[in-house]
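Report on one structure; see the data block that follows.
What follows draws every value from the coordinates through simple rules; no lab data is involved. Bear in mind that the values here come from a model prediction, so they are computed numbers and not experimental data. Methodologically, a virtual Cβ is constructed for each residue, glycine included, from the backbone with ideal geometry; neighbour enumeration extends over all protein chains shown.
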Amino acid sequence: MSGVNRILVLAHNTYREAVREKLLYNLLAFAALMIASSIILAKIHLGYDERIYYDVGLAAIALFGVLIAIFVGINLVYRELAQKTVYTMLAKPVHRWEFVTGKYLGLVFLLALEIALMSCFFLTVVWYKDTEFPIQLVYAIGLIFMELVLITAVALFFSSFTTPYLAAMCTVGLWMIGHLLGDIRHFGNLPDAAHLKPFTEALYWGLPNLDRLDIKGPAAAGEVIEIGTVLQRALYASLYSGLLLCGAVVLFRRRDFR
């Protein structure tokens with residue numbers, strides 16, 4: 001069996017394990033309820049009903065997608081280590097980089113499924129309220145998926161060398177910082193914080209800037225979004241995810257399982 005086939009088998013097995021997670025279905029149920037709640041919110045809010053449907057729907061997809069990417073992803077990797085099934089896999093002709101890559105691709109397939117399901121919930125609400133579904137929303141959902149792909153790489157990177165609890169904390173922290181990098185950079189440009197500018201610039205350019213992948217606000221407001229901009233930001237997420245995946249492979253290779 002070739003390396004590509006081994007990776008695909010590992011990805012398929014990871015996907016099958018993930019869809020059995022009860023946490024996944026609980027999060028999807030909460031996401032569906034949150035998206036449906038936009039109907040009630042629109043009734044108690046005067047005007048701009050479409051904007052409420054769009055804002056709540058995109059926010060639910062992004063929030064619960066991140067929760068699935070972090071907690072389901074980290075638990076799957078940790079379970080392999082805790083149950084020592086990783087020993088059996090690595091004893092076979094499976095390289096460590098194939099194991100990490102297969103796990104990652106399996107989780108990405110899972111994310112694609114949950115994004116599709118939540119988008120169907122979202123589309124159902126929009127259809128039920130006889131509201132338009134502009135192309136900007138498709139762009140926003142696409143970049144939400146790319147953000148989840150990047151967050152999954154972050155979670156896998158931390159889980160490759162530390163405990164699941166610490167990995168979850170670090171991933172959540174990096175996700176929060178990633179959406180605040182613009183504000184952090186602006187703070188470093190203030191006269192009173194000039195001595196912190198090298199540090200804030202290093203954070204801005206070194207950490208994954210998740211704010212670049214967040215176009216929920218402009219999409220919900222109906223602003224024009226160029227497809228070239230979307231593709232450029234998707235490429236940024238792909239390259240950063242690849243870099244983190246390489247880092248996870250390097251760290252996982254150095255891990256001692258004896």
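Rounded to the nearest whole Hz, the Karplus-based 3J(HN,Hα) values (6.51 cos²θ - 1.76 cosθ + 1.60, θ = phi - 60°) of the stretch 123-135 follow the sequence 5, 5, 5, 4, 5, 4, 8, 6, 10, 5, 10, x, 5, with x at glycine and proline.
For the stretch 140-237, the Cα gyration tensor yields ellipsoid semi-axes of 24, 22, 11 Å (square root of five times each eigenvalue, largest first, whole Å). With 0.36 nm allotted per residue and the present C-alpha distance subtracted, the Phe161-Ala116 stretch has 13.1 nm of extension available. Look at Cys170, Cys120 and count the other Cβ atoms within 10 Å of each Cβ; fewest to most, that gives Cys120, Cys170.
Across the stretch 146-166, the residues whose backbone nitrogen lies under 14 Å from the label position 7 Å along the beta-carbon direction of Ile177 are 154-155, 158.
If the Kirkwood radius is taken over C-alpha pairs of the stretch 111-187, then at 25 °C and 0.890 mPa s the Stokes-Einstein diffusion coefficient equals 166 µm²/s.
Total lysine pairs in the chain at Cα distances under 18 Å, for residues eight or more apart or on different chains: 4.
Working note: 222 nm ellipticity from helices only, DSSP H runs with n ≥ 4, each -39,500 (n - 2.57), summed and divided by the residues of the chain, gives -25500 deg cm²/dmol to the nearest 500.
Equivalent ellipsoid of the chain: semi-axes from √(5λ) of the C-alpha gyration tensor, largest first, are 33, 25, 16 Å.
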